[in-house]
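The values are calculated or read from the model by the stated rules, or taken from the named source; none is laboratory data. Owing to the predicted nature of the structure, the values given are computational and were not obtained by experimental measurement. A quick note on method: Cβ atoms are made from the backbone with ideal geometry, for glycine too, and the neighbour counts reach across all protein chains shown. Surface areas here come from the heavy atoms of the whole protein model, side chains and all, with no ligands, DNA or RNA. Shrake-Rupley method; radii C 1.70, N 1.55, O 1.52, S 1.80 Å.
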Amino acid sequence: TTAPGADDNASGTATNMEIFRILMEQGIRLERTLEIHGYAAEEIGLVGSQDMASKYVRDGKNVVSMVQHDMNIYRSGNQDRIWFVTNNTMAEFNTMLGSLVDTYVQVPWGSRSLAGGDSDHTSWRRQGFATAFPFEDPRAYNPNIHTEDDSTSTGIAFSQAAAFAKLGLGYVLHFAGVVQ
């Protein structure tokens, strides 16, 4: 079957690209290195992210934190909301990001366990890195993923996706710092 992947995971990729676009357009220089990753073979066992996270440990790379953007455009209710997945993430880091939501995004947020599946943040958490996974509702996520109905015509909310991009930008500026 054809599965266009508008939510899983074009939405997360688009979030990362929007953050990057804004940083470049505004000429923002960061005090710390920012890396935006796209991983192969998540669906068959987090293959790409496990390889990269393990390599970063072997190479002794200093990773301050990792935020996973994967599935954020499907809205299960009538209000934009950001959920922080509690599986394989750090509660304190989720709370810090929730404070950024309060300050810069101003949509409701909460924390919940993901009802099924996993994502690439787990590979980084297993290696001891601080991780967070902002997500659409982890208990009522897009039922159309992996099907031909994972398109921009089924249950999507671009305003919610914009909220995730605002959070991502706030995260980058807060944790990477801006060169003055």
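Key figures
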| quantity | calculated |
| --- | --- |
| In Å², nearest 10: area of M24 left accessible to a 1.4 Å probe | 110 |
| Fully extended contour minus Cα-Cα distance, from T86 to F20, at 0.36 nm per residue | 21.2 nm |
| Percent accessible area from carbon and sulfur atoms, the range 1-150, protein chains only, probe 1.4 Å | 47 |
| V64 versus S113: modelled label distance in nm, points set 7 Å from Cα along the beta carbon direction | 3.2 |
| Order of exposure, largest accessible area first, which applies to S153, S113 with probe 1.4 Å | S153, S113 |
| Potential lengthening between K55 and R29 on full extension [0.36 nm per residue; Cα-Cα distance subtracted] | 6.7 nm |
| Signed unit charges on C-beta, dipole axis of the range 93-166, positive-most listed residue W109, T95, Q160 | T95 |
| Rounded accessible area per residue of the range 117-180, 1.4 Å, Å² | 42 |
| Calculated diffusion of the range 9-57, Stokes-Einstein form, Kirkwood radius summed over Cα pairs, 10 °C and 1.306 mPa s, µm²/s | 126 |
| Within the range 1-126: Cβ-based charge dipole about Cα centre, in debye rounded to nearest 20 (Lys, Arg +1; Asp, Glu -1) | 280 |
| Label selected from [x] -0.54, -0.98; [y] -0.71, -1.14; [z] -0.47, -0.88, the criterion being log10 I(q)/I(0) by the Debye sum over Cα atoms at q = 0.12, 0.16 Å⁻¹ as computed here | [x] |
| Per-residue [θ]222 nm for the chain (sum of -39500 (n - 2.57) over DSSP H runs n ≥ 4, rounded to 500) | -10500 deg cm²/dmol |
| Amide H contacts of M66 (H built 1.01 Å from N, under 5 Å, at least 5 apart or other chain) | A130, T131, A132 |
| Sites excluded, trypsin sites (Lys or Arg not before Pro) in DSSP loops with at most 16 other C-beta within 10 Å, longest stretch of the chain | 62-138 |
| Accessible surface ranking that places the most exposed of W83, W109 first, with a 1.4 angstrom probe | W109, W83 |
| Cα centroid of the range 142-165 to Cα centroid of the range 16-49, whole Å | 20 |
| Computed FRET value (nearest 0.05) for V178 with A140, which takes r as the C-beta separation and R₀ as 41 Å | 0.65 |
